[in-house]
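So the structure is just underneath, and the comments pick up after that.
Since every read-out is calculated from the coordinates, none of them should be taken as a lab result. Predicted model, so just to flag it, every value in this text is computed and none were measured. Cβ: placed from backbone, ideal geometry, glycine included. Neighbour counts: every protein chain shown.
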Amino acid sequence: MPSRKFADGEVVMGRWPGSVLYYEVQVTSYDDVTHLYTVKYKDGTELALKESDIRSQSSFKHRKSQSSSSSPSRRSTSRSRSRSPGRPAKGRRRSASQSREHKDDKKKTIQETSLALPVFSLVCLFFKPSENNTKRYNGEPENTEKNDTSCIILEQKLKPDLEVKHVLEQYSLRSRKDEKKKEEMYSEKKIFATVKTIEKASSKTKELEFGGRIGTFMLIFFLPATVFYLLLMCKQDDPSLMNFPPLPALESLWEARVFGIFLLWFLLQVLFYLLPIGKVVEGLPLSNGKKLQYRINGFYAFIFTAAAIGILLYFQFELHYLYDHFMQFAVSAAVFSLALSIYLYVRSLKAPGEELAPGGNSGYFIYDFFTGHELNPRIGSFDLKYFCELRPGLIGWVVINLAMLLAEMKIHNLSMPSLSMILVNSFQLLYVVDALWNEEAILTTMDITHDGFGFMLAFGDLVWVPFVYSLQAFYLVGHPTVISWPVAAAITAVNCIGYYIFRSANSQKNNFRRNPADPKLANLQFISTATGKGLLITGWWGFVRHPNYLGDIIMALAWSLPCGFNHILPYFYVIYFICLLVHREARDEHHCKQKYGLAWERYCQRVPYRIFPYIY
């Protein structure tokens, strides 16, 4: 194995990807498998570089002294020869062959200079890691700074030939084929694609979340236990936290018929997903530059599901069967998610390195099994993670709420559901329909772009979402709560405020990502970053750093208020949601700090509050 040349903490000169410029960097780590150095630039940007792209400072300074000492003499000699008015006649008389050679050399010099100038300009424009400046879309000029030492040296080398550039602009000395080739070579799109590929070259996940191997091992058992505990508590007459429910017999938790119904439900959603309806869009670029295609038809699947449920009710199918066997359905979903997680991990062992998840490639079995080893597992064009993210669990949540509504009417002999149940069903139906209507927006979330598909997402999508998110409706069946119309109106107002913040913040972010030059966004300000992306500092994202999380928490509170204040159990979702979003916010903060460097620190100074204004 080759020995490493540079030590951790050593200050060296690193070549900026896609350019010929070297900048001062500090070595932070070295990967023995890929033989890549992780280096940190002065602006906080971290990249993985090959050893051939790193040089010691002594060798760089030696090259700089040589170039600076030789260039002025050549320039002074060139100027003295061109200006000398008193040359002897012998020097002006040349043979025809010498004259032709002189013209050819001059033409060659013009061509080389003209090719170097655009490269120098483009490199200095796109690849100088300097501080990012706040600017407007309406063309407000950025603050200018002095170029780095490398840019100055290269500029000095090319300065004598600046006058030749005007000659080239007047007389085309290159073919159109060469011009086209040069434009393709130095296009902005290819340069940024190269940088992005190099940034994602690390092979192993170094920073472990959720408590590492021990934490993820415990979560595999703790999450199912939490779901079953909550469901058993809702069944009790007194669902106090200190009143631990009696454990049911194991044989009562499993029923083959229930598992068969769950499989039928899953396959029905697969069928709706595969229908050739809805538009096909591309996701964000992967580490290899490719873009996966996704069919956007979640809302159609919801409509077809509603029609199927309507047909079942027309033929007097008892949908409250879900309520009577709720625990068995939860167990069936948990078993299925575990089997799916095992399949996902086994198939990920044969996946190419470029298809593995950045956050689930630690090399530890338990951790990778929990977080997800493969980023986008697919069977042909069928994307397993994308399908489970919105279809079976999210649509199933609405079906479960409807079943609870019908069960409440049957158990309490009501001609119509209670006002509390109507509010819970309506609020959560709006949330699900909004997610399916804006299905394309999920392609830019961390779940799709960063997290692998393992036990965490499989259990969360298929068990946690439908069976925990429907906790308020399940609670109201056994613990009816009467509220007045004025109270209902106030709760509705709270939900509308939360939904407005949630939807407008997400729409603002998605529109900005899609088309930052949209005239509708001209009033927004942002901080530019070394990655080419911008960080909004006005609008909702200038109010707090995660306004969508704020809207989520307000809506979660509105979903729990119809259950009253007799027990804290219906508010478990609010407590869980706050903890979840605080964890996600901390993960986002760490990820953005690594990705955007100094620009993220400037953003945090401009927007100090994370989720709750003036509080947190």
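Projected over all directions and averaged, the alpha-carbon convex hull of the stretch 508-616 occupies 7.9 nm².
Would the stretch 468-515 count as rounded, prolate or oblate if I go by the C-alpha gyration tensor, calling it rounded below 1.5 in a/c and otherwise prolate when a/b exceeds b/c, oblate otherwise? The shape class here is oblate. Per-peptide packing, taken as the mean over residues of other Cβ atoms within 10 Å, places 43-55, 526-538 in the sequence 526-538, 43-55 from highest down.
Residue-wise HN-Hα couplings along the stretch 227-235, as the Karplus relation 6.51 cos²θ - 1.76 cosθ + 1.60 with θ = phi - 60° gives them from phi, are 4, 5, 5, 5, 5, 5, 5, 5, 6 Hz; Gly and Pro carry x. Among the chymotrypsin sites (Phe, Trp or Tyr not before Pro) in the stretch 258-338, those placed in a DSSP loop whose Cβ has at most 15 other Cβ atoms within 10 Å are Phe315, Phe317.
Sequence-distant contacts, meaning Cα pairs under 8 Å at least 6 residues apart, place the relative contact order of the stretch 10-57 at 36 percent. Shape class of the stretch 269-344 from the Cα gyration tensor (axes a ≥ b ≥ c, square roots of the eigenvalues): oblate, since a/c reaches 1.5 or more and a/b does not exceed b/c.
Computed across the stretch 10-57, the Kirkwood hydrodynamic radius from all distinct Cα-Cα pairs reaches 10.5 Å. Put simply, when 230-239, 21-30 are sorted by average Cβ atoms within 10 angstrom per residue, most first, you get 21-30, 230-239. Of the peptides 436-447, 465-476, the ranking by mean beta-carbon count within 10 Å, highest at the top, reads 465-476, 436-447. Shape descriptor for the stretch 432-491: Rg over Rh equals 1.14 (Cα atoms; Rh from the Kirkwood inverse mean 1/r).
Stretched out straight at 0.36 nm per residue, the stretch from Trp437 to Lys520 would grow longer than its current Cα-Cα span by 27.7 nm. Residues whose amide H falls under 5 Å from that of Gly359, counting only those 5 or more places apart or on a different chain, are Gly452, with hydrogens built in the peptide plane. Would you work out if the stretch 211-482 is rounded, prolate or oblate? Take a ≥ b ≥ c from the square roots of the eigenvalues of the alpha-carbon gyration tensor; rounded if a/c is under 1.5, else prolate when a/b is larger than b/c, oblate otherwise. It comes out oblate by the Cα gyration axes.
Quick one: of Lys5/Lys290; Lys42/Lys520; Lys42/Lys385; Lys204/Lys509; Lys50/Lys385; Lys42/Lys206, which pairs are farther than 27 Å apart, Cα to Cα? Flagged as over cut-off: Lys5/Lys290; Lys42/Lys520; Lys42/Lys385; Lys204/Lys509; Lys50/Lys385. Strictly greater than 24 Å: what percent of every Cα pair in the stretch 267-401 meets that? Summing the P(r) of the stretch 267-401 above 24 Å gives 43 percent of all pairs.
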